[in-house]
1. Say R0 is 22 Å: what FRET efficiency, to the nearest 0.05, do residue 78 and residue 46 get from their beta-carbon distance?
2. Under a plain spin-label model, where a point goes 7 Å from the Cα along Cα-to-Cβ, how far apart in nm are residue 30 and residue 110?
3. Please list 37, 60 from largest to smallest accessible area, probe radius 1.4 Å, with all protein chains kept in place.
4. Taking a ≥ b ≥ c as the square roots of the eigenvalues of the Cα gyration tensor of the range 1-67, is the shape rounded (a/c under 1.5), prolate (a/b larger than b/c) or oblate?
5. Net charge within 11 Å of residue 64 by Cβ-Cβ distance, Lys/Arg positive one each and Asp/Glu negative one each, not counting residue 64 itself?
6. Please sort by residue number the trypsin sites (Lys or Arg not before Pro) in the range 12-60 whose DSSP state is loop and whose Cβ has at most 16 other Cβ atoms within 10 Å.
7. Once you have a ≥ b ≥ c as the square roots of the Cα gyration tensor eigenvalues for the chain, tell me rounded if a/c is under 1.5, and otherwise prolate or oblate according to whether a/b is larger than b/c.
8. Could you check how much of the accessible area of the range 34-130 is carbon and sulfur, as a whole percent, using a 1.4 Å probe?
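The values are calculated or read from the model by the stated rules, or taken from the named source; none is laboratory data. Quick caveat, the model's predicted, so the values are computed rather than measured. Virtual Cβ from ideal backbone geometry, glycine too; neighbours counted across all protein chains shown. These accessible areas exclude ligands, DNA and RNA; they are computed on the full protein's heavy atoms, side chains included. Shrake-Rupley method; radii C 1.70, N 1.55, O 1.52, S 1.80 Å.
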Amino acid sequence: MAAAPQFVFDPVTHTYLLRGLRIASVTQILEAAGLVCYDHIPFAILDRKAEIGTAAHAACHYYDDGDLDETTLDPAVLPYLEGWKRFRAETDFVPELIEYRGIATVDGMHYGFTLDRAGVLGGKDTLIEI
């Protein structure tokens, strides 16, 4: 396997840059292909759900790292964290990569991605979407 090309991820704009050029993300590609459409959802709802999603991912990340302070969490995040804890307890999933970002290439075209979790589940290498 060839080494991944050098890239930069900008968390503020959620963009991937490869040698200074903006690279489409998986989500952007799915939207452009018409597989995801949020046009009918009011912006305020989308914005709040995005905040909750970002916070839930962060909470699960800190939980997996063993340094989560649950007293700092938005109550809207708690059900997602509890679901993640339950999943971990019931499946014995062992994360090896947490919120891993990279650039992949398919047929010479690059795209940016973030793996929520990669690890071992039931003795097999597994990708997990939180």
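1. Details: r = 21 Å, r/R0 = 0.96.
Efficiency, rounded to the nearest 0.05: 0.55.
2. Computed distance between label sites residue 30 and residue 110 equals 2.3 nm.
3. Numbers: 37 75, 60 0 Å².
Largest accessible area first, the list is 37, 60.
4. Values: a/c = 2.12, a/b = 1.11, b/c = 1.91.
Cα axes put the range 1-67 in the oblate bin.
5. On the way: positive: 85, 88, 117; negative: 65, 67, 96, 99, 116.
Charge balance in the 11 Å sphere: -2.
6. Numbers: sites: 19, 22, 48, 49; in loops: 19.
Hits after loop and neighbour filter: 19.
7. On the way: a/c = 1.83, a/b = 1.22, b/c = 1.50.
Since a/c reaches 1.5 but b/c is at least a/b, the shape of the chain is classed as oblate.
8. Ligands and nucleic acids excluded, carbon and sulfur give 57 percent.
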